[in-house]
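Please read the structure below before turning to the comments.
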Amino acid sequence: MPLFAQKIEEFDSPIALPETAEENERWQKANRGWWESQPMRYDWNDQLDVPEYSPAYFREIDRRFFDAVRAMMPWRRIPFDDVIDFYDLRTKEVLEIGVGCGTHAQLIASHSRSFTGIDITEFATSCTRERMACFGIPATIMQMDAENLSFPDDTFDFIWSWGVIHHSANTRRILEEIHRVLRPGGRAVTMVYHRNFWNYYVISGLFRGVLAGGFRHTRSLNALLQRQTDGALARHYTEEEWYQLVADLFTVDWSRIYGMKVELLPLPAGKIKAAVAEVIPDSLGRVLTNDAKLGTFLVTSLTKRRA
């Protein structure tokens, strides 16, 4: 079945929330089903030729991911140290929402006082448990829906979530749960998808909709955006929309936009697009995706508001 056939049809705007409990449940079932069948393994075009869950397997996953990250977010000492204070984590009890195959989990757990990771899928939790056992890293990994966290109030000092909560049925509900389980003054760093003029109107609308004929199949600009994005649904926020969503729960410490060079190119995915992106210097790519805010990753640091 084509992946776009697994999309939620009634998800009809870039930041829509479910209107009923029944709709919330149906959307979350579709969300869980997508990620069980399409896990984040980094082997879409080039399968991993090593034993699954072996040290070599996890190292290759990390190499592919970090190679992509370095171009858009160079680090000083540790990957992601532009947005994570790893030194500060040594005294923190940390929760990660959405562990995937455990790349971030291993990185963060190695520097934190204690680490708990959750994911909505059985595949991700199993994969991450295997990773932590493989490298001897203490961690608690649980299958759990982030919209209904089973932790007591005021449990964690720091919460990390990279590219996850915008896929859930109700992103606002997760933000409320993050607020609940954070200790007073606790902080969360999240990445959600960013919607801007370039990726929404130019790439999706003009190139994919008009020039590539996408509007013959759907009249909806959001539907075109969803077809080019992973997940059964994927919210894309402007900075202003995101600030409005979190304003009563958190103060925004800082906000940054990141992106990959391929996002700038109105070409179909494949070797040609990858080759053209390689010609673009990483520094120029960062000017356009990060500084000019044309990238699709909106990263914010959120501090829990006191009651």
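Residues of segment 4-32 being part of a helix (DSSP H, G or I) and either open to solvent by 40 Å² or more (accessible area, probe 1.4 Å) or of a type in the set (S, T, N, Q) (or both), which ones?
Matches in segment 4-32: 4, 5, 6, 21, 22, 24, 25, 26, 28, 29, 31, 32.
From the residues in segment 283-304 that are exposed (fewer than 15 other Cβ atoms within 10 Å of the Cβ) and not β-branched (Val, Ile, Thr), which one is farthest from residue 183 (Cα to Cα)?
Among residues in segment 283-304 that are exposed (fewer than 15 other Cβ atoms within 10 Å of the Cβ) and not β-branched (Val, Ile, Thr), the one farthest from residue 183 (Cα to Cα) is 284.
For the structure I just gave you, tell me whether residue 249 is loosely packed, with under 15 Cβ neighbours inside 10 Å, in contact with a helix residue (DSSP H, G or I) (Cβ under 9 Å, 6 or more places away or on another chain) and either at pLDDT 95 or above or β-branched (Val, Ile, Thr) (or both).
It is false that residue 249 is loosely packed, with under 15 Cβ neighbours inside 10 Å, in contact with a helix residue (DSSP H, G or I) (Cβ under 9 Å, 6 or more places away or on another chain) and either at pLDDT 95 or above or β-branched (Val, Ile, Thr) (or both).
Kindly provide the set of residues from segment 274-285 that are touching a helix residue (DSSP H, G or I) at 6+ places or on another chain (Cβ under 6 Å) and either in a helix (DSSP H, G or I) or touching a residue at least 60 places away in the same chain (Cβ under 8 Å) (or both), ordered by number.
If the condition is that a residue be touching a helix residue (DSSP H, G or I) at 6+ places or on another chain (Cβ under 6 Å) and either in a helix (DSSP H, G or I) or touching a residue at least 60 places away in the same chain (Cβ under 8 Å) (or both), then 277, 282, 285 are the ones that fit.
I'd like to verify a number: residues in segment 253-264 that are open to solvent by less than 60 Å² (accessible area, probe 1.4 Å) and either basic (Lys, Arg) or over 21 Å from the mean Cα position of the chain (by Cα) (or both), how many?
So the count comes out to 1.
Can you tell me which residues in segment 94-143 are assigned to a strand (DSSP E or B) and more than 17 Å from residue 168 (Cβ to Cβ)?
94, 114, 115, 116, 140, 141 - these are the residues of segment 94-143 that are assigned to a strand (DSSP E or B) and more than 17 Å from residue 168 (Cβ to Cβ).
What residue, among those in segment 193-228 that are outside any helix (DSSP H, G or I), open to solvent by less than 30 Å² (accessible area, probe 1.4 Å) and of a type in the set (S, T, N, Q), is modelled with the lowest pLDDT?
218
Within segment 84-131, track down each residue that is closer than 22 Å to residue 297 by Cα and surrounded by fewer than 18 Cβ atoms within 10 Å (Cβ to Cβ).
85, 86
Could you run through segment 137-166 and say how many residues are polar (S, T, N, Q), within 19 Å of the chain's Cα centre (by Cα) and open to solvent by 30 Å² or more (accessible area, probe 1.4 Å)?
Here the count works out to 2.
The values are calculated or read from the model by the stated rules, or taken from the named source; none is laboratory data. Worth saying up front: this structure is predicted, and the values here are computed from it rather than measured. Note: ideal-geometry Cβ built from the backbone for every residue, glycine included; neighbour counts use all protein chains shown. All accessible areas refer to the heavy atoms of the entire protein, side chains included, with ligands and DNA or RNA removed. Shrake-Rupley method; radii C 1.70, N 1.55, O 1.52, S 1.80 Å.
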